[in-house]
Amino acid sequence: MDTKFFSEKFFEKYGNRNNNPVLFFSPGRVNLIGEHTDYNGGYVFPCALNYGTYLLIRKINDNFLRFSSVNFSNDEETELQQNIARKAGNWSNYPLGVINEFLKKGIKLSGLELLFYGDVPNGAGLSSSASIEMVTAVAINDIFSAGLERLELVKMSQRAENEFVGMNCGIMDQFSVGFGRKDNAIFLNCNTLDYENVPVNLNDCIFIITNTNKRRGLTDSKYNERRAECEKAVGLLQAYRSINNLSELSTDEIPVLEKYITDNIILRRAKHVISENGRVLEAVKALKENNLERFGELMNSSHDSLKNDYEVTGTELDTLVYEGRKLPGVIGTRMTGAGFGGCTVSIVKKDSSGEFMTRLAESYYKKTGLVPDFYLPEIGNGAGKIDPIVSP
Ligand code: GLA
């Protein structure tokens with residue numbers, strides 16, 4: 001990140017070099033395993049990336065909120081008032097929704113100028129949205145000395161996304177970009193919000209994230225459809241035993257499901273969630289025991305279950321995964337995030353990584369006509385303040 005270039009952009013945009021902005025960063029995240037379990041009260045195992053969103057922010061004397069981004073051409077201005085309205089289809093809804101959460105708590109704010117820059121691809125399943133939300137939450141909390149706990153900022157960011165932006169996501173993304181720890185993955189119980197940092201030691205392997213570069217068209221509606229299907233399963237299973245969410249069932253109980261759920265689609269959705277929870281538990285154990293082979297196998301079966309039972313993959317993700325598995329040095333590979341496009345995450349032997357990217361790009365292009373992007377991420381820390389910026 002070239003902070004000089006970024007702060008120069010800020011002053012070009014907003015002027016007044018006598019009032020320095022403050023710099024914050026929030027990562028994106030990659031989920032290693034535990035997909036579509038968070039809103040079912042289950043386990044997830046994500047980690048924060050060293051890619052994410054940078055924010056330069058400063059207080060001003062007039063009563064306006066000004067948003068600009070190096071990534072988007074449209075700037076936005078909104079009057080600071082108690083009930084801020086959502087702007088149809090606009091990227092500034094993410095920070096606005098978060099600011100709205102502070103106002104709802106009665107925290108007094110002033111006008112603000114904000115400049116964002118993101119180096120995590122948008123809409124690719126790497127939590128660019130949660131990253132924008134959390135960088136805003138952490139920044140506002142800091143510059144107005146609001147004193148809110150990190151977990152509260154995470155929940156406010158999730159609420160901003162659910163209620164202001166209108167995407168009914170679970171808590172995994174905001175939690176992982178808020179609580180990430182360098183070189184660790186977060187083993188999170190989404191029901192209790194208890195979590196544990198688990199060191200990730202890949203020995204002679206690396207993570208490779210591959211972007212399908214397929215726009216995720218129907219993600220939100222399909223996502224909500226899956227949520228509704230899981231709720232239906234919970235309803236039907238009350239005849240078996242009283243549960244609040246699917247994650248209260250263990251993998252041993254999977255055989256009894258079909259007695260209570262006769263609709264094959266609902267049955268498969270429930271099977272995915274329960275089996276995926278089991279896989280997270282096993283994967284965390286495997287990683288702690290340094291058994292990367294087993295971890296990779298579990299990543300593979302997670303993808304198979306997301307494809308066959310949860311049906312959230314699609315041609316592009318499946319092509320990357322099943323073509324990828326044929327290549328030498330691949331320990332495990334699966335889709336990550338909501339699905340329907342976006343990215344895969346793979347664990348690949350360092351020595352084979354060049355061949356993996358070249359050959360996968362070839363076969364993927366042949367089958368889909370699309371060119372994938374590859375990222376070789378490190379596991380980074382959660383959202384926070386970076387050094388103070390001085391005007392150049
Ligand atoms: C999206 C949502 C998360 C989670 C994943 C699927 O990333 O924002 O809350 O549900 O999909 O695991």
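The values are calculated or read from the model by the stated rules, or taken from the named source; none is laboratory data. What you see is a predicted model, and the numbers here were worked out from it, not measured in a lab. Please note: Cβ atoms are built from the backbone with ideal geometry, for glycine as well, and neighbour counts cover all protein chains shown. Side chains are part of the model used for accessible areas, which takes the heavy atoms of the whole protein and leaves out ligands, DNA and RNA. Shrake-Rupley method; radii C 1.70, N 1.55, O 1.52, S 1.80 Å.
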request  = Kindly provide the GluC sites (Glu not before Pro) of the stretch 1-69 that DSSP labels as loop, not H, G, I, E or B, and whose Cβ sees at most 12 other Cβ atoms within 10 Å.
outcome  = none
inquiry  = Out of the trypsin sites (Lys or Arg not before Pro) in the stretch 1-94, which ones are loop residues according to DSSP with at most 15 other C-beta atoms within 10 Å?
reply    = Arg17, Arg86, Lys87
note = If R0 = 45 Å, then Met167 and Asp204, at their Cβ-Cβ distance, give a FRET efficiency to the nearest 0.05 of 0.70
remark   = Here, Ile386 and Val371, labelled 7 Å along Cα→Cβ, have an inter-label distance in nm of 2.8
query = Using mean Cβ contacts within 10 Å as the protection proxy, how do 376-383, 260-267 order, highest first?
reply = 376-383, 260-267
ask   = Label-point separation (nm) for Asp183 and Asn244, each offset 7 Å from Cα along Cα-to-Cβ?
value = 3.7
inquiry  = Can you give me the distance in nm between label points at Arg359 and Leu109, each placed 7 Å from the Cα along the Cα-to-Cβ direction?
reply    = 5.1
request  = Rank by packing, highest mean first: peptides 241-249, 308-316, with packing defined as the count of other Cβ atoms within 10 Å averaged across residues.
outcome  = 308-316, 241-249
query = For the chain, with only Lys/Arg (+1) and Asp/Glu (-1) charged at the beta-carbon, what is the dipole magnitude about the Cα centre, in debye rounded to 20?
reply = 280
note = XL table Lys105/Lys155; Lys59/Lys182; Lys307/Lys349; Lys222/Lys307; Cα-Cα > 20 Å flagged, in table order, is Lys59/Lys182; Lys307/Lys349
remark   = Checked against the positive end of the charge dipole of the chain (+1 on Cβ of Lys and Arg, -1 on Cβ of Asp and Glu, about the Cα centre), the farthest of Ser73, Tyr195, Leu49 is Ser73
request  = Within 10 Å, count the other beta carbons around each residue, average over each peptide in 99-107, 295-303, and list them highest first.
outcome  = 295-303, 99-107
request  = Answer rounded, prolate or oblate for the stretch 172-314, using the Cα gyration tensor with square roots of eigenvalues a ≥ b ≥ c: rounded when a/c is under 1.5, else prolate when a/b is larger than b/c, else oblate.
outcome  = prolate
message = Place a point 7 Å from Cα of Asn18 in the direction of its Cβ. Which residues in the stretch 55-73 have their backbone N less than 16 Å from it?
response = 59-62
remark   = the chain accessible area per residue, 1.4 Å probe, protein heavy atoms, integer Å², reads 41
ask   = Got a number for carbon plus sulfur as a percent of the chain's accessible area, 1.4 Å probe?
value = 46
